[in-house]
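Working notes, beginning with the structure itself.
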Amino acid sequence: MCGRLSQYRGIHDFVAALSIPNALLNYAGDQPLARYNAAPTTQLALFHRDGEYLRADMVRWGWRPHWARDRAAPINARVEKVAHGPFFKAIWPHRAIIAIDNWFEWVYEGGPKKQPYLIRHRDCTPILCAALGQYPIGEHEPGEHDGFVIITADSAGGMVDIHDRRPVTLSPELAREWLDPGTPKERAEQIVLLQDEPTDAFEWFKVNRAIGNVRNQGPDLIEPIGQITGGDEKGNP
């Protein structure tokens, strides 16, 4: 996962995709988020549980433990290591969902510049990505060390032709189980290791190279250029 995504719908669209009946504590606002070209360190809407409630906060994309000041804050965590490695030990119990509209990857196809591709659900529904984070709970105010990482896994099928890593994305049912504080840690690890969505749930296509400039925003950045390739078509992008 190359580190660029879109989160342009409103909070309530993402809540509807999660289908959680609990009351929402919404600290992210009611307006469309309009982040068509979100890069690391961007404040994004993150869902997590706060007691019996589903809660949405604006949280920075990227996190590192307080003792790791000698390195940049990672934006992703490899699913193979995240549950047992020391780096993410402090936030492994703090499960979250980052709901997105799509993400981007860059592919070398010859020529001086890589070609950006957009990856989204084939039915264009929100994508529910497994995440971990440090974020406000209860009456605590947002802190300078707050942040989140997206859990990633090996790509599979045709998607490997775009990039060898992809976010771990979950069905609404599994996303609710992932968020549930009552889900044992062992079960949570099993969910992200073994039960992410299949490649054929997605499609991908070329988009304008303007996406490479983080200052560029707007719906024109997510318009397809050329053929749309689906994961069940066994074709290269």
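The values are calculated or read from the model by the stated rules, or taken from the named source; none is laboratory data. Nothing here was measured: the structure is a model prediction, and the numbers come from that model. As a convention, Cβ positions derive from the backbone with ideal geometry for all residues, glycine included, and neighbour counts pool all protein chains shown. Just so you know, the surface numbers come from the protein's heavy atoms only, side chains and all, with ligands and any DNA or RNA stripped out. Shrake-Rupley method; radii C 1.70, N 1.55, O 1.52, S 1.80 Å.
Per-residue Karplus couplings for region 44-53, computed as 6.51 cos²θ - 1.76 cosθ + 1.60 with θ equal to phi - 60°, are listed in order as 10, 6, 10, 9, 8, 9, 10, x, 7, 9 Hz, Gly and Pro entered as x. List the lysines whose Cα sits under 29 Å from the Cα of LYS81, skipping any in the same chain fewer than 8 residues away. The reachable lysines, counting only those whose Cα sits under 29 Å from LYS81, are LYS89, LYS185. Counting only DSSP beta bridges whose two residues both lie in region 21-156, roughly 75 percent are antiparallel. Residues in region 118-123 carry Karplus couplings, in order, of 9, 10, 8, 4, 4, 9 Hz; the curve used is 6.51 cos²θ - 1.76 cosθ + 1.60 with θ = phi - 60°, and Gly or Pro positions show x.
Mean-square fluctuations from a GNM of the chain, with a 10 angstrom spring cutoff on Cα atoms, peak among GLY111, GLY133, GLY143 at GLY111. In loop segments of region 36-130 as defined by DSSP, the chymotrypsin sites (Phe, Trp or Tyr not before Pro) with at most 10 further C-beta atoms inside 10 Å of their C-beta are TRP67, TYR108.
Once the Cα-Cα distance is subtracted from the 0.36 nm per residue extended length, the ARG209 to ASP154 segment shows a gain of 17.3 nm.
Of all lysines in the structure, the ones whose alpha carbon falls short of 25 Å from that of LYS206, not counting any fewer than 8 places away in one chain, are LYS113, LYS114, LYS234.
Keeping the other protein chains in place, figure out the carbon and sulfur percent of the accessible area of the chain, with a 1.4 Å probe. Solvent-exposed carbon and sulfur of the chain make up 50 percent of the total. When the Gaussian network model of the chain links Cα atoms closer than 10 Å, the mean-square fluctuations of LEU24, LEU194, LEU170 top out at LEU194. Put a dot 7 Å past the Cα of TYR53, heading toward its Cβ, do the same for GLU186, and the two dots end up 3.4 nm apart. For ALA77, the residues whose amide H sits under 5 Å from its own are ILE150, ILE151, THR152, ignoring neighbours fewer than 5 places away on the same chain, with H placed 1.01 Å from N. Think of it as helices only: each DSSP H run of n ≥ 4 in the chain is worth -39500 (n - 2.57), and spread over all residues that comes to -3000 deg cm²/dmol at 222 nm. Heavy atoms of the protein chains alone define the surface here; on that basis the chain has 47 Å² accessible area per residue at 1.4 Å probe size.
Remark: the Cα gyration tensor places region 36-108 in the oblate category, a/c being 1.5 or greater and a/b not exceeding b/c. Annotation: peptides 122-130, 15-23, ranked by per-residue average of other Cβ atoms within 10 Å with the highest first, follow the order 122-130, 15-23.
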